[in-house]
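Here's the structure we're looking at; comments come further down.
Nothing in this text is a laboratory measurement; each read-out follows from the coordinates by a stated rule. All figures in this text were calculated on a predicted structure; none of them were measured in a lab. Cβ placement follows ideal geometry from the backbone for every residue including glycine, while neighbour counts extend to all protein chains displayed.
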Amino acid sequence: MQKYRQKVIIFIKFNSQMKIIHLSDPHIEPDILHGINSQLRFKKALEHIKKNHLDSDLFVISGDITHFGSDDAYKIFLNIIKEEDLPKKLFPRLIIGNHDNRENFKKNFTTIKTDENGFIQYTETFENKLFIFLDTNKPETDSGYFCEHRQRWFEKELEKGIDKSIYIFMHHNPLALADKNSDKIGLVQKDKFEEIILKYNKNIRHLFFGHQHITVSGQYLGITFSSPRSTWSPLISNFSNKYRLGTANTDPNYNIVLIKENSLVVHSEDFLKTEVNWFESE
């Protein structure tokens with residue numbers, strides 16, 4: 001009897017890419033804020049995402065979902081998400097910022113994950129990637145707080161992901177950005193955060209945050225970081241020694257993050273400019 005060998009072909013997807021949408025600080029409210037309709041701008045951002053980036057794998061909004069944290073504002077936000085009818089995989093992962101109200105947030109997002117102390121902190125795993133979402137909110141202050149409970153949870157999750165590439169999302173900037181306003185209201189426990197990060201920085205590939213409403217990127221403790229502008233009200237970087245906020249009709253944006261095994265690229269999308277003139281060449 002003739003023997004046949006079964007030939008097994010394994011297809012390996014080399015250089016596969018993960019695409020992430022990172023949007024921040026929509027500041028949704030029932031009323032117009034400082035002459036800008038935050039609802040309309042957020043809708044335009046979602047429309048731009050639907051038109052151009054439905055192939056994304058993950059959509060994250062890094063805090064300041066609302067401006068005053070009211071129950072009505074969270075309901076408006078949810079209605080906008082439902083109206084835009086994004087694919088299920090792109091229902092945004094959410095964290096809270098200084099303008100949010102933790103209890104009103106939980107009331108409207110009943111399936112949101114929390115840690116054992118009620119902070120809105122959770123993780124998700126995609127193949128060999130671990131995404132950690134942090135809660136740096138403290139009521140009645142604009143600065144970020146990272147208490148001992150949150151520190152312990154964070155370190156425990158980092159330890160669990162020791163065999164993975166780790167990506168961290170948070171609202172407040174954990175480092176000084178040479179911007180007088182941002183540095184005043186960044187994370188208070190910078191030293192403790194840095195101490196934890198240094199233990200695991202070989203595994204941490206990127207740090208994402210929002211809060212300061214300016215587009216900024218760089219490197220922190222050997223880890224690259226990026227932050228988009230607010231979709232509501234972008235600001236101008238303040239390099240003076242004065243505390244001041246600068247606006248100049250700068251376009252709002254969100255970031256597109258492209259992750260491969262050996263690279264991470266961040267593009268900023270100015271979504272209000274919807275008409276593009278393409279000049280093709282052979």
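Key figures for this structure:
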quantity: Eligible lysines near Lys107 by straight Cα distance, threshold 16 Å, same-chain separation 8 or greater; calculated: Lys75
quantity: Nonlocal amide H pairs with Tyr122, under 5 Å, H built at 1.01 Å; calculated: Phe133
quantity: Angstrom value of the Kirkwood radius, inverse mean 1/r, which spans all Cα pairs in region 67-121; calculated: 12.0 Å
quantity: Radius of gyration and maximum dimension Dmax of region 18-269, Cα, Å; calculated: 16.9, 48
quantity: Relative exposure of Glu29, Glu195, judged by other C-beta atoms within 10 Å (fewest first); calculated: Glu195, Glu29
quantity: Rg/Rh (Cα only; Kirkwood hydrodynamic radius) as it applies to region 142-205; calculated: 0.99
quantity: Ascending count of other beta-carbon atoms within 10 Å, so fewest first, for Arg152, Arg93, Arg229; calculated: Arg152, Arg93, Arg229
quantity: Charge dipole of the chain about the Cα centre (unit charges at C-beta), most positive-ward option of Gln212, Thr66, Thr114; calculated: Thr114
quantity: Among Pro234, Gly97, Tyr167 - extreme Cα towards positive end, dipole of region 18-269, charges at beta-carbon; calculated: Tyr167
quantity: Nearest-ten-degree value, helix 148-160 long axis tilted from longest Cα axis of the chain; calculated: 20 degrees
quantity: Rel. contact order, % - alpha carbon contacts under 8 angstrom, at least six apart, region 18-269; calculated: 20 percent
quantity: Fewest-first sequence of Ile168, Ile95 by Cβ atoms within 10 Å of each Cβ; calculated: Ile168, Ile95
quantity: 0 to 90° range, to nearest 10: angle between helix 190-200 axis and the chain longest Cα axis; calculated: 0 degrees
quantity: Kirkwood Rh in Å, taken over all unlike Cα pairs in region 169-254; calculated: 13.6 Å
quantity: Hydrodynamic radius of region 130-282 per Kirkwood, over alpha carbon pairs, in Å; calculated: 16.9 Å
quantity: Descending semi-axes in Å of region 61-165, equivalent ellipsoid built from Cα gyration tensor; calculated: 24, 19, 10
quantity: Extension gain (nm, one decimal) between Asn117 and Glu103, 0.36 nm per residue minus Cα-Cα; calculated: 3.7 nm
quantity: Helix-derived mean residue ellipticity, 222 nm - over the chain, DSSP H n ≥ 4, -39500 (n - 2.57), to 500; calculated: -7000 deg cm²/dmol
quantity: Angle between the chain longest axis and helix 71-84 axis [Cα atoms, degrees, rounded to 10]; calculated: 40 degrees
quantity: Extension gain from Ser281 to Arg244, taking 0.36 nm per residue of separation minus the Cα-Cα distance; calculated: 8.8 nm
quantity: Amide hydrogen neighbours beyond the local backbone of Tyr220, cut-off 5 Å, H modeled; calculated: Phe225
quantity: Among 106-112, 222-228, 77-83, the order from most to least packed when residues are scored by Cβ within 10 Å on average; calculated: 222-228, 77-83, 106-112
quantity: Charged-residue dipole, Cβ positions (Lys, Arg, Asp, Glu), region 18-269 about Cα centre, Debye nearest 20; calculated: 320 debye
